[in-house]
Amino acid sequence: MSAPTGTPAQSSDDTPRPRGALVRVVRDPLFGPGVLAVGLLVALLARPWIVQQFDAPGFSTWSTIFVAIVVQALPFLVLGVVLSAVLTVYVPARWLTRALPRNRYAAVGVAGLSGAVLPGCECASVPLAGGFLRQGVPQAAALAFLLSAPAINPVVLIATAVAFPGNPEMVLARFVASLAAACTVALLWARFFPERLLRLPADPAGGGSRRDRFRATTEHDLLHAGGFLVVGAGIAATVNVVVPPGVVDAVASQPLLAVLVLALLAVIIAICSEADAFVAASFSAFSPTAQLAFMVVGPMVDVKLIAMQVGWFGRRFAARFAPLTFVVAVVMALAVGAVLL
Amino acid sequence: MRKALAATLLLLIGGALIRLFVSGEYIYYVKDTMALPMLLAGSVICALGFVGWWSATSAPTSQTRHAEGGHLPAVAWLLLLPVVAIHLSPPPALGADAVLRESSLTVAPAASMYPPLPVGDPLILTPRDAVERVLYDADSGILDRRVRIDGFAVPLEGEDAWYVARISLACCAADGVAYRIRVTGVPAPPTDEWISVTGTLLAPSPETADLPIPQLAAETVGPFSEPGNPYD
């Protein structure tokens, strides 16, 4: 699950250019995209034929879900990218760093809690965390924000309260478990993993006026993160259509297995954190702790997020960060569930 | 050239969102509360695209900016997939196929107390009302009333029975939940046809104990015009 596709995270063409005409065409930065674009167009024009070849209704369901995930996520992505570009371009460097407490633990705590301010889902938090990092915010703090923001903001908590009527412990449990997991992962990461694993995409706007830089940054970030969002949406839609009905329900009665299965399900179906409470509530055959695990894991690790993290922070980062987050999130859900639910 | 391509891509993406808003087809994918954020995001993306075009054509040569020339990420081209799909032929709302792919329905009641059943004969219910009343509010007398349920038809392969169903979204089509009632007594309409079926509700049959799907002993079935928002 860690590296969903073979798409290169970054195509660096800073190597000296060879001179032969054919080589120049192939090395041209437009060559790959050009081939891809032509391929896609052919695929789309041949859609009637493709639909006939495959199970047609299934394909139609797939494309509806695929388009839905992209359409649902894009507004949040735009919000995150624009905020991130504002940070990168208009906020003086080091300003945020100075606003954070010096002590690492306090900084992580503050960053984790401030996730509560960003009203949106996980698609906004990845670019925004990237913006923090470009600003020189310590990795641990930026990662705590990255994980907590989609889980503990008011919109998500209200949705949780609505989805679990008369059950306010669930809202509290979600808040506590998510915040604890976010801060724990951030601290573990800072303690045990070298900083260089996280590789930020270069700030695309080298020089020029602020307005130019703002334009170049938003354009690059939007296209980059958007592309990875599409990869994640494709995987999630496929899982939605392919996983046979009833598979999940079969394990509902086995306490530990149920928690693990719902947590894994959260990873592969990748629904928006604003909606996941309703889906969690619909698993009424499962224990509240399993439902909690679904809601704690989903906003922090899912295929869509992993794809976007590969794009933003590099494959080597995502390959370690996602499993670590998954384990910590499940443990926190179990612990908090045991106490509160 | 690269800048112009990036700008074109942005215009296509923003245009797709605006198009969905204008045509109203967004309702196939997301809740109507997303309409405004979607329009806003589409406008921002389009504005970026226009500014990008302007700066691509007005910059004398791209020599001075060549350093940023190689940065259009290859993965960005994948955005063409959903965007061109939206422009060429937007996928339809979820229907019968999605219902059959859903796992068995075990949705907790939305409210712990239901209001008394309204008057009327037949009592008009959505599939969701019918499912919730039968499973969680059977004491209301729902099983003794003649009811009419409106939804789309889901024929079942190799069976005389079929489902009348409707899908309910929490956020977007990826989290759709199907509410369905198993209909017997009248022949199945064509797949995905919107119909209105009248009859008497029965508790789920013990044979399908793991699938708590209420049943309807139907008397008549008639056409029903597709609602503006196909989701419940």
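Rundown of residues vs (1) at pLDDT below 90; (2) in contact with an Asp or Glu (Cβ under 8 Å, 6 or more places away or on another chain), yes/no style:
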position	(1), (2)
B:A6	yes, yes
B:A16	no, no
B:V30	no, no
B:L36	no, no
B:G42	no, no
B:L72	yes, no
B:P92	yes, no
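Among the residues of region B:167-184, is there at least one that is over 28 Å from B:M34 (Cβ atoms) and not in a strand (DSSP E or B)? Spell out how you get there, then give the answer.
Start the filter on region B:167-184 by keeping residues that are over 28 Å from B:M34 (Cβ atoms), which leaves B:181-184.
In the following step, the residues that additionally are not in a strand (DSSP E or B) were identified as none.
Within region B:167-184, none of the residues are over 28 Å from B:M34 (Cβ atoms) and not in a strand (DSSP E or B).
For every residue, the table says whether it meets (1) at pLDDT 95 or above; (2) closer than 29 Å to B:E25 by Cβ.
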site: B:E159; (1), (2): no, no
site: B:C172; (1), (2): no, yes
site: B:W194; (1), (2): yes, yes
site: B:Q215; (1), (2): no, no
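Condition check: in contact (Cβ under 8 Å) with a residue 12 or more places away in the chain, among the acidic types (D, E) and surrounded by 24 or more Cβ atoms within 10 Å (Cβ to Cβ). Does A:D249 satisfy that?
Taking the combined requirement at face value, the residue does not satisfy it.
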Options A:V230, A:V176; residue that is over 30 Å from A:S287 (Cα atoms) and either in a helix (DSSP H, G or I) or modelled with pLDDT of 85 or more (or both): A:V230
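Would it be correct to say that A:G115 is buried (at least 21 other Cβ atoms within 10 Å of the Cβ) and free of Cβ contacts under 8 Å to residues at least 60 places away in the same chain? Before you say what the answer is, go through the steps one by one.
On the way: buried (at least 21 other Cβ atoms within 10 Å of the Cβ): yes; free of Cβ contacts under 8 Å to residues at least 60 places away in the same chain: no.
Judged against the criteria, A:G115 is not a match.
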B:Y28 vs (1) surrounded by fewer than 19 Cβ atoms within 10 Å (Cβ to Cβ); (2) over 19 Å from B:L79 (Cβ atoms): all pass except (1)
Exactly one condition in (1) touching a residue at least 40 places away in the same chain (Cβ under 8 Å); (2) surrounded by 16 or more Cβ atoms within 10 Å (Cβ to Cβ); (3) farther than 27 Å from A:V279 by Cα; (4) over 23 Å from the mean Cα position of the chain (by Cα) is not met by B:L143; state its number. (2)
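Here is a yes/no grid of residues against (1) surrounded by 14 or more Cβ atoms within 10 Å (Cβ to Cβ); (2) touching a Cys at 6+ places or on another chain (Cβ under 9 Å); (3) in contact (Cβ under 8 Å) with a residue 12 or more places away in the chain:
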| site | (1), (2), (3) |
| --- | --- |
| B:I149 | yes, no, yes |
| B:R166 | yes, no, yes |
| B:C171 | yes, yes, yes |
| B:V183 | yes, no, yes |
| B:I195 | yes, no, yes |
| B:T220 | no, no, yes |
| B:E226 | no, no, yes |
Of the conditions (1) among the small types (G, A, S); (2) under 22 Å from A:V176 (Cα atoms); (3) buried (at least 24 other Cβ atoms within 10 Å of the Cβ); (4) touching a residue at least 40 places away in the same chain (Cβ under 8 Å), A:A266 clears all except one; give me its number. (4)
Region A:243-297, subset in contact with a Lys or Arg (Cβ under 9 Å, 6 or more places away or on another chain) and over 25 Å from A:S125 (Cα atoms), residue modelled with the lowest pLDDT: A:P245
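Check A:G298, A:G232 and return the single one that is under 21 Å from A:G115 (Cα atoms), more than 7 Å from chain B (Cβ to nearest Cβ) and out of contact with any Phe, Trp or Tyr (no Cβ under 9 Å at 6 or more places or on another chain).
It is A:G298.
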Condition first: within 12 Å of chain A (Cβ to nearest Cβ), crowded, with 18+ Cβ neighbours inside 10 Å and over 21 Å from B:K31 (Cβ atoms). Can you find one or more residues in region B:103-118 that meet it? yes
Tell me, please, whether a residue that is at pLDDT 90 or above, out of contact with any Gly (no Cβ under 8 Å at 6 or more places or on another chain) and buried (at least 24 other Cβ atoms within 10 Å of the Cβ) can be found in region B:44-59. no
In region B:199-232, which residues are within 16 Å of B:Y163 (Cβ to Cβ), of a type in the set (V, I, T) and not in a loop (DSSP other than H, G, I, E, B)? B:T208, B:V221
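For region A:239-271, name all the residues that are outside any helix (DSSP H, G or I), of a type outside the set (G, A, S) and farther than 19 Å from B:C171 by Cα.
Keep residues of region A:239-271 that are outside any helix (DSSP H, G or I), which gives A:243-248, A:252-254, A:270-271.
Those still in the list that are of a type outside the set (G, A, S) too: A:243-245, A:247-248, A:254, A:271.
Scanning region A:239-271 gives A:V243, A:P244, A:P245, A:V247, A:V248, A:Q254.
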Meets criteria (buried (at least 18 other Cβ atoms within 10 Å of the Cβ) and either within 11 Å of B:L216 (Cα to Cα) or acidic (D, E) (or both)) for B:E157: no
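Given the options A:A275, A:A285, A:A318, A:A281, name the one that is more than 10 Å from chain B (Cβ to nearest Cβ) and hydrophobic (A, V, I, L, M, F, W, C). Break it down stepwise before answering.
On the way: A:A275 fails: more than 10 Å from chain B (Cβ to nearest Cβ); A:A285 fails: more than 10 Å from chain B (Cβ to nearest Cβ); A:A281 fails: more than 10 Å from chain B (Cβ to nearest Cβ).
A:A318 is the lone residue from the list that is more than 10 Å from chain B (Cβ to nearest Cβ) and hydrophobic (A, V, I, L, M, F, W, C).
The values are calculated or read from the model by the stated rules, or taken from the named source; none is laboratory data. The structure presented is a predicted model; accordingly, all values stated were derived computationally and were not measured. Quick reminder, even Gly has a Cβ in these numbers, built from the backbone with ideal geometry, and neighbours come from all protein chains shown.
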